[in-house]
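The values are calculated or read from the model by the stated rules, or taken from the named source; none is laboratory data. Everything numeric here is computed off the predicted structure, so don't read it as measured data. Quick reminder, even Gly has a Cβ in these numbers, built from the backbone with ideal geometry, and neighbours come from all protein chains shown.
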Amino acid sequence: MPKRGQKDEPWQDWKPVVWKKHAPKTVKEAKARGFKVETRKRIGGSQNLNSKHLKKLSKIEQEDETFVIEKVSRDVRKAIQKGRTNKSLTQKDLAKRCNVKPQLVNDYEAGRTKPNPTILRKMKRILGVKLLGKNIGDPM
């Protein structure tokens with residue numbers, strides 16, 4: 001601020017500042033402040049009806065086909081169990097050597113997961129048993 005008796009410099013702007021209240025963010029807040037509020041019920045609610053995910057879901061609902069997710073076959077499950085017991089490894093030891101979680105080895109032996117060729121190759125190398133292709137369970 002300039003001292004008394006000094007002229008204002010030309011680059012200084014001494015215009016008054018006016019503070020305005022912000023607009024209400026919710027319907028409840030707008031009603032409380034006395035604004036006129038009009039609401040409409042939306043068909044899709046808060047969901048984006050154009051999203052890819054919802055389009056896929058509606059497509060799946062319209063289809064009549066039944067889908068079966070591929071699981072680990074019984075031969076592969078037995079081969080993993082037999083190879084692991086022959087090498088006297090626990091599921092945890094096999095998982096550590098394959099660099100996977102122990103739950104995944106358990107899922108493979110129980111047949112609850114979709115077979116991943118990369119993991120099956122790791123197990124094949126460690127157990128010394130064929131897990132892919134023909135002659136599953138034969139020693140390598």
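Per-structure values
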quantity	calculated
Subset of segment 86-140 (residues that are among the basic types (Lys, Arg), surrounded by fewer than 14 Cβ atoms within 10 Å (Cβ to Cβ), more than 24 Å from the chain's Cα centre (by Cα) and at pLDDT 90 or above)	LYS92, ARG121, ARG125
Members of segment 1-47 found to be at pLDDT 70 or above and small (Gly, Ala, Ser), listed by number	ALA23, ALA30, ALA32, GLY34
Flag if ASP75 is modelled with pLDDT under 90 and acidic (Asp, Glu)	no
